[in-house]
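Okay, structure first, notes after.
Read-outs: derived from the displayed coordinates by stated rules, not from any lab. Just so you know, these numbers come straight off a predicted model, no measurement behind them. Cβ coordinates were reconstructed from backbone atoms using ideal geometry, including for glycine residues, and neighbour counts include every protein chain displayed.
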Amino acid sequence: MKQLFATTARGFEELLKVELTQLGAQQCRIAQGGVHYEADQETLYRTLLWSRLASRILLPLTQAKIFSDMDLYSSVYNQNWKDIFDPRCTFFVDFNGTNEVIRHSQFGAMRIKDAIVDYFERHGFPRPTVDKQNPDIRIHAYLNRDELILSLDLSGEALHLRGYRTAAGEAPLRETLAAAIILRSGWDKVTPLVDPMCGSGTLLIEGAQMAANIAPNLKRQHWGFDFWKDHDETIWTKVKAEAEQQAKDGQNIPAQFYGSDLDSKVLEKAKRNAEQADVGHLIHWQQSDIADFKNPCESEVTGTVVCNPPYGERLGTTPALIALYSVFGQKLKTEFAGWNASIFSSEPSLLDCLRLRSHRQFKAKNGPLECLQKNYKISENAKDRADQQLTFEKNAQVAPDFANRLQKNRKKIEKWAKKEGIEAYRLYDADLPEYNLAVDVYGDHVVIQEYAAPKNVDENKARQRLLDAISATLSVLDVETNKLILKVRQKQKGTNQYEKLAHKGEYFYVKEYNANLWVNLTDYLDTGLFLDHRKTRKMLGEMAAGKDFLNLFAYTGAGTVHAAIGGAKSTTTVDMSHTYLNWAEQNLELNDIHTGRKHRLIQADCLQWLDECKSDFDLIFVDPPTFSNSKRMEDSWDVQRDHPKLFTNLAKILRPNGTIIFSNNKRGFKMDFDALEKLGLKAIEISKRTLPLDFERNPKIHNCWQIIWQPMPVDNK
């Protein structure tokens with residue numbers, strides 16, 4: 001009997017133990033990441049050929065304490081390598097782990113390689129060759145603290161490489177994981193198995209091979225034991241022949257496997273994979289959106305739905321995924337009443353969107369992702385209940401308080417926006433403390449900005465509320481999922497306030513009174529249009545006729561557009577960002593305003609440019625950041641600390657009857673009236689007058705001031 005160790009993904013050890021026992025293994029004992037077992041030669045070959053869950057099967061050669069580099073070398077050198085493989089064979093060392101003396105796995109592998117090569121040379125044999133790609137012999141070394149386990153890898157390539165996956169989708173499941181999902185689903189291997197979002201088909205292929213009694217590794221051409229000196233070709237041939245006969249006998253089972261996917265190219269890959277796995281004739285394929293998917297079986301037939309739906313690591317995919325899982329849950333209830341379902345996902349909150357109650361759940365890892373598999377029994381009357389749920393009122397109950405507030409705000413603000421002639425506005429701004437987010441409308445698009453949750457708020461609870469709010473927004477506003485964009489807004493920091501998030505380059509324009517303005521909802525944290533300044537921009541347009549206008553810290557130049565449309569004699573637009581100046585130019589061009597001597601765009605550090613400015617202006621709009629420490633600026637900027645110095649320089653270029661419109665978004669901002677008075681300037685707060693209706697719920701972030709020259713004292717003599 002040989003002592004062996006079968007490795008597997010963590011969490012699957014118990015399943016693997018059951019499988020090995022069924023294959024005839026003895027003395028099975030679970031360890032972290034695998035199962036120790038005993039087997040004779042025939043059972044060893046059978047476990048290699050038939051295990052659906054093992055990643056590798058290892059034959060331990062020695063166990064040793066490693067306190068020095070020499071301990072590692074000696075423990076390997078002292079093995080009788082001539083009894084294990086012929087020196088004319090190629091080999092490779094797979095080393096895992098480190099300790100205080102073996103600090104790099106590559107160094108550990110090199111020392112083992114040196115010991116093996118030295119053993120053969122010093123015993124008068126030819127020097128064996130290392131082959132990293134296709135070695136005849138693979139040595140496996142595992143170092144945990146001071147304990148080394150040296151093994152011969154009898155698998156060769158990892159056992160999840162079945163040989164049938166010639167092509168995969170975007171995020172294929174590892175075959176061993178797919179097999180575990182099928183086994184945990186409770187499917188009986190007899191009734192129909194359906195995967196409505198099958199991707200490259202791995203779940204269905206693994207299930208079909210189980211039902212047809214096809215050994216998962218039957219197509220493997222090369223094994224780690226091929227050049228092992230203890231390999232018995234006669235026993236191996238017998239075990240393989242038995243498996244080939246069983247696979248042949250299983251070809252006539254009923255074709256009760258059904259796969260569907262929206263992507264026709266991925267579906268073609270799934271078909272090729274299934275053919276390669278000898279189960280292509282057992283699986284029915286169709287291209288379908290989940291929203292249109294129908295139960296392919298007769299009404300009286302029941303079976304199991306097993307699925308690994310898409311789940312996104314990037315937060316921006318969340319709205320579409322919420323809608324997808326919600327629709328999937330409805331489909332399970334309307335099309336599969338009386339069936340079992342088993343759904344695998346990395347995001348528990350998305351599984352909650354199914355609106356189904358699970359009776360069992362399992363944890364597993366898909367690569368680095370912590371995942372959850374939930375099993376459901378869909379009741380016989382689920383269809384009737386699901387039909388009743390297909391109303392707004394029921395869907396809104398996902399987050400009833402939020403949904404009701406959003407609907408109330410919508411009725412008021414949409415009517416006002418239409419009357420004003422604006423297409424971009426705020427519908428919701430953290431009105432309810434539990435839902436700490438903003439909802440903005442840009443034409444037929446919606447942006448949800450989640451404000452960073454306080455540290456004392458449970459992260460999972462905040463995440464669930466966000467998902468509920470997204471679900472309710474999709475329902476209340478009836479917006480297409482690909483037109484709902486999610487952003488997470490942190491506290492503004494000088495280095496990341498305009499940080500690029502994506503590279504989609506998707507621009508469209510919205511109407512704002514008599515101006516059209518480009519927005520980009522995906523590539524940056526901000527969209528290119530500060531909505532709370534809308535009324536201020538309109539006022540600039542009304543004030544600009546015949547005047548020389550300066551827009552400082554101009555961002556995308558929306559204020560300049562309004563001033564130019566309003567009849568400004570000239571406009572000067574200054575910003576440090578090349579990206580935003582290009583954007584400003586596009587905004588001007590969109591409104592048939594051409595840049596040149598009359599309408600100038602200047603890329604510069606605004607404060608430095610102001611120090612050196614020789615021109616003067618009638619109307620100045622300045623909207624500086626709250627804080628900035630950009631590398632392109634000579635000094636940091638703090639609006640509370642530095643605004644007096646800013647006005648010192650602005651006063652030098654403001655004409656006698658000129659006006660400065662100054663705004664910022666710092667909460668609790670305090671104007672330094674004394675500093676302005678010394679400059680001969682007077683500040684009139686116009687925050688309330690310039691606050692749009694859609695921002696009246698949160699006035700603290702909007703500070704706006706009209707700065708004019710103080711009137712000269714009247715001489716009564």
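Values for this structure:
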| quantity | calculated |
| --- | --- |
| Positive minus negative residues near residue 16 (Lys, Arg vs Asp, Glu; Cβ under 13 Å) | +3 |
| Protection-proxy order for peptides 241-247, 217-223, 540-546, each taking the mean of Cβ atoms within 10 Å per residue, highest first | 540-546, 217-223, 241-247 |
| Kyte-Doolittle mean at least -1.0 and Cα axial length at least 20 Å: DSSP H helices in the chain | 105-122, 318-335, 459-477, 639-653 |
| The chain, helix-only ellipticity at 222 nm - DSSP H runs n ≥ 4, -39,500 (n - 2.57), divided by all residues, nearest 500 | -10000 deg cm²/dmol |
| Straight-distance crosslink candidates among aspartates and glutamates, where the alpha carbon sits under 19 Å from residue 569 and sequence neighbours closer than 8 are dropped | 542, 548, 585, 589, 592, 616, 618 |
| Relative packing of peptides 665-672, 697-704, 147-154 - highest average C-beta neighbours within 10 Å first | 147-154, 697-704, 665-672 |
| Sum of side-chain charges, residue 106 neighbourhood, beta-carbon under 14 Å (Lys, Arg +1; Asp, Glu -1) | +1 |
| Modelled label reach - residue 365, point 7 Å along Cα→Cβ, the range 29-69 residues with backbone N closer than 12 Å | 33-34 |
| For the range 436-480 and the range 34-62, distance of Cα centres in Å | 50 |
| Inter-label distance for residue 455 and residue 608, nm, one decimal - labels placed 7 Å from Cα along Cα-to-Cβ | 3.7 |
| Which listed pairs, of 219/294; 419/511; 132/271; 412/461; 419/700, have C-alpha distances above 23 Å, in listed order | 219/294; 132/271; 412/461; 419/700 |
| The range 125-163: trypsin sites (Lys or Arg not before Pro) in DSSP loop, at most 11 other beta carbons within 10 Å | 132, 145 |
| Mean Cβ neighbour count within 10 Å, used as a protection proxy, ranking 598-607, 346-355, 201-210 highest first | 201-210, 346-355, 598-607 |
| Chain lengthening between residue 675 and residue 1 when straightened (0.36 nm per residue, less Cα-Cα) | 233.4 nm |
| Extended-chain gain in nm, criterion 0.36 nm per residue less alpha-carbon gap, residue 688 and residue 701 | 3.5 nm |
| Span from the the range 288-303 Cα centroid across to the the range 578-631 one, whole angstrom | 59 |
| Extension gain from residue 419 to residue 166, taking 0.36 nm per residue of separation minus the Cα-Cα distance | 85.2 nm |
| Distance between modelled label sites at residue 131 and residue 569, nm, 7 Å Cα→Cβ extension | 8.5 |
| The chain: Cα Rg divided by the 2.2 N^0.38 Å rule of thumb | 1.29 |
| Dipole magnitude of the range 526-709, debye to nearest 20 (Cβ charges: Lys/Arg +1, Asp/Glu -1, about Cα centre) | 380 |
| Share, in percent, of DSSP beta bridges within the chain that are antiparallel, nearest 5 | 60 |
| Around residue 652: net Lys/Arg minus Asp/Glu count, Cβ-Cβ under 13 Å | 0 |
| Per-residue Cβ neighbour rank within 10 angstrom, fewest leading, 695, 67 | 67, 695 |
| 302, 556, 43 arranged by Cβ crowding within 10 Å, fewest neighbours leading | 302, 43, 556 |
| Per residue, the convex hull volume that the Cα atoms of the range 526-709 enclose (Å³) | 114 |
| Likely footprinting exposure, 580, 73, 428, fewest C-beta neighbours within 10 Å first | 73, 580, 428 |
